[in-house]
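Below is one structure, written out as structure tokens; comments come after it.
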2 protein chains.
Amino acid sequence: MNLIDNQVCFAGEQRRYQHSSTVLDCEMTFSIYLPPQSNSKTPLIYWLSGLTCSDENFVQKSGAQRYAAEHGVAIVAPDTSPRGDAIPDDVEASYDFGLGAGFYVNASEQPWAKNYRMYDYVVNELPQLLKRNFDIDTGRTSIMGHSMGGHGALSIALKNPGRFQSVSAFAPIVSPINCAWGQKALSGYLGSDQTSWKQYDSCELIASAAERLPLLVDQGDADNFLAEQLKPELLKQACEKHNHPLTLRLQPGYDHSYFFIASFMADHIHWHASALFAK
Amino acid sequence: MNLIDNQVCFAGEQRRYQHSSTVLDCEMTFSIYLPPQSNSKTPLIYWLSGLTCSDENFVQKSGAQRYAAEHGVAIVAPDTSPRGDAIPDDVEASYDFGLGAGFYVNASEQPWAKNYRMYDYVVNELPQLLKRNFDIDTGRTSIMGHSMGGHGALSIALKNPGRFQSVSAFAPIVSPINCAWGQKALSGYLGSDQTSWKQYDSCELIASAAERLPLLVDQGDADNFLAEQLKPELLKQACEKHNHPLTLRLQPGYDHSYFFIASFMADHIHWHASALFAK
């Protein structure tokens, strides 16, 4: 693991690392913010980014460092797909499949299965790497994300009961089975048998959730992708049906951008810190 | 003037406009943040960006909108040079002269004199444009900037006594006469006669300042450009010699980036708001 950047920010350190991923079979970068005086009791929040993003968008645009510093939490931001010239990409180089669009699943179809294993990377390999290399409490974690990364955060938290203290999402894809982005990604990575898709669909996972971890979701009502892709009403229905605690906030006038994310980042970090530091 | 983007951010509006600049003889863009419930009493802060920046870097990376919303101030961010295929650029397309490097001066040398008039643009044309088009108090203003834009903010405030309620800078070029960036820019735009350079050198302007407007300057002590280009000690010496009020803060560990700017943006907006809302 190589430190490729380290910049002081809100008296903590915004670092960027490169490492060889066994799971993804390529070189990867991730960013991590360490708050001032971080130590072995500092908890960790995972941030999962949306389509087209790398690990850098969140770091540069979310404004999260201020709140992480205030609460004394670390935040790690992985990339959104395997990377490199050797990694297969969508033949049309579209923004919503292939590079930059790993969807936090383990692909089973060719030619994706060898590299596109972002679920295993985020759930297993990256946490082990962090545990070995950072003197923070990697056993005390929360998870959040945006859009495709909101889907990742919700589905990963639901699939791993007991693993996260809290979960939240900004404008998440709540049901990839039921939107064009998700259908394209899941059919490409997992094949046409839709039963295999359900393991990555948050609305499906709610039904069998072994833990009633409360969900915090913010959604802008001027988001261009609201009606066709994001459909928060499906999450609301699933949570109501299965009595799963959900705080869904429709934020008037906000779109899908980091201006929206930045505006509510304080609330999300507070939400996670409250859970991470609960007695 | 055409609105080309408008995004809700911290309950206010982050807008971007395109307009024809007479002074620069080209199409220009600028960004402006309007806080929630902005009205005819809302004061305005000018933000001047550094080398290579457009009007967008500040908007995406500084995190200023939160503080502007809290204090009820608008912030306008102009571009850093004239723009377009018809605008002459440095033959080597260097980052520190020509496009993206207008240095907030009025060029007198050819081929720059026709377009490179960023001083007049920021001091005259843009304020008139804002006055005509926005229902805010464009007569109640402050100014701040970063690096080349810190030079712009300090020199413009010093050259225009009574015009600004307050001024501040992040890692400014305090004396372009005495650093390589400044020497390249001023010799290129103004010619080899250094007497003409003094009108744009903050340390020179301090000597003849008709108003003792207090200066707030933050400077990271891990800034790569500190010793060779920025030299805040020259400003300190000039202010001490001429009894000009200066708050110069060396911030340990911080570099030249927007991570540094974001970390102290709250202080700067508070500094300006205190002056703008003073009785």
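Throughout, read-outs are computed from the coordinates displayed, never taken from laboratory work. No experiment lies behind these values; they were computed from the predicted model shown. Here the Cβ is made from the backbone with ideal geometry for all residues, glycine too, and neighbour counts use every protein chain on show.
Every residue in the stretch A:34-87 that is hydroxyl-bearing (Ser, Thr, Tyr) and over 15 Å from the mean Cα position of the chain (by Cα), please.
If the condition is that a residue be hydroxyl-bearing (Ser, Thr, Tyr) and over 15 Å from the mean Cα position of the chain (by Cα), then A:38, A:40, A:42, A:67 are the ones that fit.
Restricting the stretch A:224-258 to residues that are of a type in the set (A, V, I, L, M) and surrounded by fewer than 21 Cβ atoms within 10 Å (Cβ to Cβ), which is nearest to residue A:177 (Cα to Cα)?
The extreme case among them is A:234.
Got at least one residue in the stretch A:21-34 being surrounded by fewer than 20 Cβ atoms within 10 Å (Cβ to Cβ), within 17 Å of residue A:124 (Cα to Cα) and of a type in the set (Gly, Ala, Ser)?
Taking every residue of the stretch A:21-34 in turn, none turns out to be surrounded by fewer than 20 Cβ atoms within 10 Å (Cβ to Cβ), within 17 Å of residue A:124 (Cα to Cα) and of a type in the set (Gly, Ala, Ser).
In the stretch B:1-107, which strands (runs of 3 or more DSSP E) lie fully inside it and hold 2 or more residues that are within 13 Å of chain A (Cβ to nearest Cβ)?
Counting at least 2 such residues, we get B:2-9, B:12-21, B:26-34.
Go through the stretch B:228-278 and count every residue that is free of Cβ contacts under 8 Å to residues at least 40 places away in the same chain, more than 17 Å from the chain's Cα centre (by Cα) and either over 23 Å from residue B:207 (Cα atoms) or within 14 Å of chain A (Cβ to nearest Cβ) (or both).
9
Among the residues of the stretch B:156-187, what is the count of those that are in contact (Cβ under 8 Å) with a residue 60 or more places away in the chain, in contact with a strand residue (DSSP E or B) (Cβ under 8 Å, 6 or more places away or on another chain) and among the small types (Gly, Ala, Ser)?
The qualifying residues number 4.
Can you go through A:142, A:155, A:147, A:168 and tell me which one is closer than 15 Å to residue A:209 by Cα and under 16 Å from the mean Cα position of the chain (by Cα)?
Only one candidate qualifies: A:155.
Scan the stretch B:217-226 and tell me whether some residue there is within 14 Å of chain A (Cβ to nearest Cβ) and touching a Gly at 6+ places or on another chain (Cβ under 6 Å).
Yes; the residues of the stretch B:217-226 include at least one that is within 14 Å of chain A (Cβ to nearest Cβ) and touching a Gly at 6+ places or on another chain (Cβ under 6 Å).
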